[in-house]
Amino acid sequence: MSDKIAVQCKNINKSFTIAKNVETIALRGVDLEVYKGEFFMLVGPSGCGKTTLISIIAGVLQPDNGRCIVNDFEYQKKSAHEILKFRAKNIGFIFQSFNLIDSLTVGQNVAIPLILNGMKQGQALEKAKEILEEVELSEKFTSPPNRLSGGQQQRVAIARALIHNPSLLVCDEPTSALDHMTGAKILDIMKRINKKFKSTFIIVTHDNRIFDYADRIAYMNDGHIERVSRNHED
Ligand SMILES: Nc1ncnc2c1ncn2[C@@H]1O[C@H](COP(=O)(O)OP(=O)(O)OP(=O)(O)O)[C@@H](O)[C@H]1O
Ligand SMILES: [Mg+2]
């Protein structure tokens with residue numbers, strides 16, 4: 001695999017069994033390449049397979065067949081334990097619903113990936129403070145997440161996904177719950193982080209107001225990618 005490629009999917013198929021002898025096909029032969037450092041968007045109608053595809057790319061879900069390789073790590077050739085370790089170190093996942101834990105402070109939520117990677121709590125909280133500055137939320141360090149606005153919670157989720165310096169960030173609808181101004185601010189922050197840390201971003205979105213931020217956009221329909229377009233000539 002070329003060292004310029006961060007993610008390579010080859011002929012990925014995925015079905016779900018929804019009832020006895022009833023299957024729904026989520027992905028039909030997906031081929032995709034995402035380059036290192038790219039700000040890549042994945043768009044398409046509801047149910048076309050976007051979340052399924054990024055879950056496979058993030059190693060959360062296994063395809064029925066086909067290959068998915070992230071930074072030379074080929075999921076299908078690895079054990080569940082190896083995948084878990086790879087994910088914890090290399091991938092940040094920003095969920096649509098934020099998935100923050102209200103019984104912990106903002107700082108503790110953000111520190112979780114480092115603690116999972118074996119760092120001592122005190123040191124992990126120091127790092128959490130630094131990354132919260134990056135998303136302009138250091139003043140909320142000791143608050144519970146449920147006291148924060150939607151846009152602030154989304155920034156906490158971004159900080160948590162970034163804290164362990166993952167090379168790949170996968171974001172499912174990062175702006176869908178937000179008004180336009182807040183959504184644009186979130187995208188500005190993600191783009192700045194993308195440039196500063198040279199991390200690769202894959203962003204699923206319905207929100208055509210943010211398409212402009214993308215380097216390239218893949219259009220999905222009915223379980224496959226119809227076309228990929230470059231947004232800006234550079
Ligand atoms: N865990 C599951 N069990 C059964 N069917 C599923 C499961 N996850 C997804 N599907 C089905 O697979 C197809 C693709 O779903 P997916 O969630 O990937 O779509 P999506 O493009 O993310 O849609 P949306 O824009 O609404 O989030 C749909 O038909 C969905 O019903
Ligand atoms: Mg989805």
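Given the criteria at pLDDT below 95 and of a type in the set (Asp, Glu), does Asp64 qualify?
Values: at pLDDT below 95: no; of a type in the set (Asp, Glu): yes.
No; evaluated as a whole, the condition is false for this residue.
Matching residues to (1) at pLDDT below 90; (2) more than 13 Å from Asn99 (Cβ to Cβ):
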position: Gly150; (1), (2): yes, yes
position: Ala157; (1), (2): no, no
position: Arg160; (1), (2): no, no
position: Leu169; (1), (2): no, yes
position: Thr175; (1), (2): yes, yes
position: Asp179; (1), (2): yes, yes
position: Lys195; (1), (2): no, yes
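Out of the residues in region 32-51 that are touching a strand residue (DSSP E or B) at 6+ places or on another chain (Cβ under 9 Å) and among the small types (Gly, Ala, Ser), which is farthest from ligand 1 (Cβ to nearest atom)?
Restricting attention to region 32-51, the residues satisfying the condition of being touching a strand residue (DSSP E or B) at 6+ places or on another chain (Cβ under 9 Å) are 32-45, 47-51.
From what is left, the residues that are among the small types (Gly, Ala, Ser) are 37, 44, 47, 49.
Working: Gly37: 25, Gly44: 6, Gly47: 4, Gly49: 4 Å.
The residue in question is Gly37.
With the requirement that a residue be surrounded by 22 or more Cβ atoms within 10 Å (Cβ to Cβ), more than 16 Å from ligand 1 (Cβ to nearest atom) and either more than 17 Å from the chain's Cα centre (by Cα) or farther than 22 Å from Glu130 by Cα (or both), what does region 61-101 give you?
Val70
Name, by its number, the condition in (1) modelled with pLDDT under 95; (2) not in a helix (DSSP H, G or I); (3) not basic (Lys, Arg) that does not hold for Ala88.
Condition not satisfied by Ala88: (2).
List the number of the failed condition for Arg147; all other conditions in (1) over 28 Å from Lys4 (Cβ atoms); (2) surrounded by 14 or more Cβ atoms within 10 Å (Cβ to Cβ); (3) not aromatic (Phe, Trp, Tyr) hold.
Arg147 satisfies every listed condition except (2).
Which of the residues that make up region 171-184 are crowded, with 18+ Cβ neighbours inside 10 Å, more than 16 Å from ligand 2 (Cβ to nearest atom) and not hydrophobic (A, V, I, L, M, F, W, C)?
If we filter region 171-184 for residues that are crowded, with 18+ Cβ neighbours inside 10 Å, which is where we start, we get 171-175, 178, 183.
Now narrow it down to the ones that are more than 16 Å from ligand 2 (Cβ to nearest atom): 178, 183.
Of everything in region 171-184, just one residue is crowded, with 18+ Cβ neighbours inside 10 Å, more than 16 Å from ligand 2 (Cβ to nearest atom) and not hydrophobic (A, V, I, L, M, F, W, C), namely Gly183.
Could you tell me which of the residues Leu104, Leu114 is out of contact with any strand residue (DSSP E or B) (no Cβ under 9 Å at 6 or more places or on another chain), buried (at least 23 other Cβ atoms within 10 Å of the Cβ) and aliphatic (A, V, I, L, M)? I'd like the intermediate steps shown before the answer.
Values: Leu104 fails: buried (at least 23 other Cβ atoms within 10 Å of the Cβ).
After ruling out the rest, the residue left standing is Leu114.
Would you confirm whether any residue within region 14-31 is assigned to a loop (DSSP other than H, G, I, E, B) and either near ligand 1 (Cβ under 9 Å from one of its atoms) or small (Gly, Ala, Ser) (or both)? Working first, answer last.
Taking region 14-31 and keeping what is assigned to a loop (DSSP other than H, G, I, E, B), we get 20-21.
Subsequent filtering for residues that are either near ligand 1 (Cβ under 9 Å from one of its atoms) or small (Gly, Ala, Ser) (or both) retains none.
Within region 14-31, none of the residues are assigned to a loop (DSSP other than H, G, I, E, B) and either near ligand 1 (Cβ under 9 Å from one of its atoms) or small (Gly, Ala, Ser) (or both).
State which residue is surrounded by the most Cβ atoms within 10 Å (Cβ to Cβ) when the search covers only region 13-60 and only residues that are within 16 Å of ligand 2 (Cβ to nearest atom) and on the phi > 0 side of the Ramachandran plot.
Among those that are within 16 Å of ligand 2 (Cβ to nearest atom) and on the phi > 0 side of the Ramachandran plot, it is Gly49.
Considering only region 196-214, how many residues are under 15 Å from Val7 (Cα atoms) and either in a loop (DSSP other than H, G, I, E, B) or touching a Pro at 6+ places or on another chain (Cβ under 7 Å) (or both)?
Here the count works out to 3.
State whether the residues of region 97-112 include one that is under 17 Å from Asn165 (Cα atoms) and among the charged types (D, E, K, R).
So far as region 97-112 goes, no, none of its residues is under 17 Å from Asn165 (Cα atoms) and among the charged types (D, E, K, R).
The values are calculated or read from the model by the stated rules, or taken from the named source; none is laboratory data. Since we're looking at a predicted model, the values are computed, not measured. Heads up, the Cβs are rebuilt from the backbone with ideal geometry, glycines too, and the neighbour counts pull from every protein chain shown.
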